[in-house]
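See below for the structure under consideration.
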Amino acid sequence: MEGAGFRQGQRRPSSNGNTVGEWSYGDLEAGFAEAKVVLDEIFVTASYSHLSQEPRSVMAYWQNGKCYVHASCQSGTNAIPGLAGFIGIDPSQLVFIAENCGGGFGSKDRLIP
């Protein structure tokens, strides 16, 4: 999957890195006009930060036909298919290096665009 196509809403990855077809957006204004009830209210929900102990950063480079990616992640197994899809390469061409994760508390278990 190409990153540009993802940003334009043409494709989205599933948790296993495969694309989940294509989707489109309807006419929002027409939807409101046709709705029997439109509720326009302000609401507040509780917020809780995951408090990861290290910054979200990544370093990547190409060497000998493979893309090497150093990142902080709780599960390289979950990250590889999606990341390879974003880059547009086969997972066998990706070397994912995640030596330490100082504490993701669930927020670093997969890729989130």
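The values are calculated or read from the model by the stated rules, or taken from the named source; none is laboratory data. It should be emphasised that the depicted structure is a prediction, and the values quoted were computed from it without experimental measurement. For neighbour counting, all protein chains shown are included, and Cβ atoms are generated from backbone atoms with ideal geometry for every residue, glycine included. Calculation scope for accessible area: heavy atoms of the full protein, side chains included, ligands and nucleic acids excluded. Shrake-Rupley method; radii C 1.70, N 1.55, O 1.52, S 1.80 Å.
General observations
- Among residues of segment 82-95 that are in contact (Cβ under 8 Å) with a residue 12 or more places away in the chain and of a type in the set (A, V, I, L, M, F, W, C), those with a Cβ under 6 angstrom from a residue that is assigned to a helix (DSSP H, G or I) and open to solvent by less than 10 Å² (accessible area, probe 1.4 Å), sequence gap 6+ or separate chain, pair up as 94/84.
Okay, residues lined up against (1) at pLDDT below 85; (2) assigned to a loop (DSSP other than H, G, I, E, B):
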position: 4; (1), (2): yes, no
position: 23; (1), (2): yes, yes
position: 30; (1), (2): no, no
position: 36; (1), (2): no, yes
position: 41; (1), (2): no, yes
position: 79; (1), (2): yes, no
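This table checks each residue for (1) surrounded by 10 or more Cβ atoms within 10 Å (Cβ to Cβ); (2) at pLDDT below 75.
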position	(1), (2)
20	yes, yes
44	no, no
54	yes, yes
65	no, no
84	yes, no
